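The values are calculated or read from the model by the stated rules, or taken from the named source; none is laboratory data. Bear in mind that the values here come from a model prediction, so they are computed numbers and not experimental data. A quick note on method: Cβ atoms are made from the backbone with ideal geometry, for glycine too, and the neighbour counts reach across all protein chains shown. The area values use the complete protein model at the heavy-atom level, side chains included, leaving out ligands, DNA and RNA. Shrake-Rupley method; radii C 1.70, N 1.55, O 1.52, S 1.80 Å.
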Amino acid sequence: RLAAIGKRAYRLKDDGVKMQLSPAFNAVIMALFGDYYERTRKTILVTSAYRSPAEQKALYEAYCRGTGPMAARPGKSRHESGNAIDISSEVADQMDTLGLLKKYKLNRPYLNRGKYTERWHIEMAGGPAADVSCSDTALYIQPAGAPASEVAVKAATKAKDKATTPMAKALAKPKPDT
């Protein structure tokens, strides 16, 4: 019953979001969405779900050029296997507070990763633990030689006074005259 409700309890951010989730993950997510809707009467906005390897590669390349948000390397994102979903951070927080993520054995593996958390990212708990080394967000740095993305620059600028992150240290270095 909850899964049937869940299928009507969400909307996609845009046409680029594909709800092609693995069958087991899809069943759990639809039950979660149905349960959340029953408790709150709120619809869930899905901002990202399945990504093809080509889409992940393009997202990662945009990140490396400094024109996109932080993204995992191609082949390292659980989005590519249909086993991860991104929703609004506020809704994810509320689901967590309501105990729904625990009830459905879901995890937010990048929730407490310093300044570069991913509060919006949800995947299955149990099984193999999320390999945080697969996420550039978890590493707090961009790939070597990549220009700083707007998101990274804003975060690093806030931390610049403390110079606690590699990005902040890089920003603190004076630029040579050209």
Single condition ALA27 does not satisfy, out of (1) part of a loop (DSSP other than H, G, I, E, B); (2) surrounded by fewer than 19 Cβ atoms within 10 Å (Cβ to Cβ): (1)
Unmet requirement for ILE122, which otherwise passes all of (1) within 24 Å of TYR37 (Cα to Cα); (2) open to solvent by 20 Å² or more (accessible area, probe 1.4 Å); (3) modelled with pLDDT of 90 or more: (2)
Any hit, the range 54-67, residues being within 18 Å of TRP120 (Cα to Cα), in contact (Cβ under 8 Å) with a residue 24 or more places away in the chain and surrounded by fewer than 16 Cβ atoms within 10 Å (Cβ to Cβ): no
Positions within the range 75-118 being open to solvent by 20 Å² or more (accessible area, probe 1.4 Å), among the charged types (D, E, K, R) and either outside any loop (DSSP other than H, G, I, E, B) or touching a residue at least 60 places away in the same chain (Cβ under 8 Å) (or both), in sequence order: ARG78, GLU80, GLU90, ASP93, ASP96, LYS102, LYS103, LYS105
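Scan the range 31-45 residue by residue and report those that are in contact (Cβ under 8 Å) with a residue 12 or more places away in the chain and either among the aromatic types (Phe, Trp, Tyr) or surrounded by fewer than 20 Cβ atoms within 10 Å (Cβ to Cβ) (or both). Give the derivation first.
Step one: of the range 31-45, the residues in contact (Cβ under 8 Å) with a residue 12 or more places away in the chain are 31-40, 42-45.
Selection gives ALA31, PHE33, TYR36, TYR37, GLU38, ARG39, THR40, LYS42, THR43, LEU45.
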Those residues of the range 6-24 which are in a loop (DSSP other than H, G, I, E, B), open to solvent by less than 70 Å² (accessible area, probe 1.4 Å) and farther than 10 Å from ASN83 by Cβ, in sequence order: ALA9, GLY16, VAL17, MET19
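Suppose we filter LYS105, LYS18, LYS42 for residues that are closer than 14 Å to ILE122 by Cβ and among the charged types (D, E, K, R); which single one remains?
Selected residue: LYS105, the only one of LYS105, LYS18, LYS42 that is closer than 14 Å to ILE122 by Cβ and among the charged types (D, E, K, R).
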